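Quick notes on the structure that follows.
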Amino acid sequence: MHGGATAEPALARRLSWRALTRATEPYLYTLPALLLIATVMMMPLVIGLSYAFRDITLLDPLSGGFVGLDHFRELYADASFWNALRNTVTWTATSVALQFALGLMLAQLLNRAFPGRALIQILVFLPWAVPSFLSGLNWAWLFNPVVGPLPYWFQAAGLTHGTDNLLSDPQHALWGPIIANVWWGIPFFAITLLAALQSIPRDIYEAAVMDGAGPWTRFRRITLPFLAPTMAITILLRTVWIANFADLIVVMTKGGPADSTQILASYIFTQAFQRLDFGYASAVAAVLVLLLLAYAGALLLLRRLLTARF
């Protein structure tokens, strides 16, 4: 009896050890990849964010000391930062909304069979293959009244009173990079939403038609619910990308005129590589990271609540 009582705890320990080994085995297989990702991605992120609490100026050999929250206090009183933040919200929200709306319309169109569909698909997806730097140069040329046609088209359509360069008007200059960004980013939504549309069973639409559902009812009751998961993740990804995307603005306007097109991403570039103040640039970057994390968390929470409700 005594020997059997002793063996039972030993057997239980061996079984629990086997269960623990089986539970952790998948994580052990992925551990090298996780360590590599942490080394390549997380370490530079942590080091970069640490610069926000230090005085790092390349032209000052004595810089590098710990300054605590001084950069964030300076940032709070910086009118240029708040201007860049407002422009970032306008730039991101407008670009995402227009890209999504036009991308959904194109996806709906390409989801139907019609003559020349393959050619239209190539033309729709072509902007995504153009490098952003080259796209910015092309659009800057198009907005230039000396060599570009857009100012004359806008005047003929009654949108402007003259043929001035839109990019030189502080009141409307931000619309130049937004138009270029919408053109460049539409294919992303068109591709992803088209793939989601093609995965919807056709018999559901046929049953809805037999029940007397009209086009709007079918779109609202069938298409949108099936597209909701894809819409949530694509809008989240595109919002984060566009908020960090300063290529077009740097190429087309360099943040001007009078900082009217300056967004946080381009403001970080200006502080770091033109003023060489890496400490302050890192503080602005830290704020941008926190804002995007808060946005992502709120969007994912909203998606979970809506999923649980419906």
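The values are calculated or read from the model by the stated rules, or taken from the named source; none is laboratory data. Values in this document were obtained by computation on a predicted structure and should not be read as measured data. Reconstructed Cβ throughout: ideal geometry from the backbone, glycine too, with neighbour counts over all protein chains shown. Heads up: the accessible areas ignore ligands, DNA and RNA and are worked out on the full protein's heavy atoms, side chains in. Shrake-Rupley method; radii C 1.70, N 1.55, O 1.52, S 1.80 Å.
A few comments on the model shown:
- Here's how it looks for residue 54: its modeled amide H is under 5 Å from those of 67, which are all 5 or more places away or on a different chain.
- Among 75, 85, 300, the residue with the largest mean-square fluctuation in a Gaussian network model of the chain, with springs joining Cα atoms closer than 10 Å, is 300.
- Accessible surface calculations at 1.4 Å, restricted to protein heavy atoms, place region 222-283 at 37 Å² per residue.
- Most fluctuating residue given options 298, 97, 285, as computed from a GNM of the chain linking Cα atoms under 10 Å: 298
- Alpha carbon centroid spacing (whole Å) that separates region 153-205 from region 234-274: 18 Å
- Once divided by 2.2 N^0.38 Å, the Cα radius of gyration of region 81-309 becomes 1.17.
- CD proxy at 222 nm, helix term only [per DSSP H run n ≥ 4: -39500 (n - 2.57); per residue of the chain; nearest 500]: -23500 deg cm²/dmol
- With all protein chains in place and a 1.4 Å probe, the accessible surface of the chain carries 70 percent carbon and sulfur.
- Under the span-like rule (Cα at least 30 Å along the axis, Kyte-Doolittle mean at least 0.5), DSSP H helices of the chain: 79-110, 175-198, 278-309
- Within a Gaussian network of the chain (alpha carbon springs, distance under 10 Å), most fluctuating of 164, 247, 211: 211
- Positive-pole candidate from 295, 124, 174, dipole of region 81-309, charges at beta carbon: 295
- Our estimate of slack between residue 77 and residue 123, defined as 0.36 nm per intervening residue step minus the Cα-Cα distance, is 11.9 nm.
- Net charge dipole, the chain: roughly 1220 debye, given to the nearest 20, about the Cα centre with Cβ charges of +1 for Lys and Arg and -1 for Asp and Glu.
- Remark: region 16-132 carries 69 Å² of accessible area per residue (probe radius 1.4 Å; ligands, DNA and RNA excluded).
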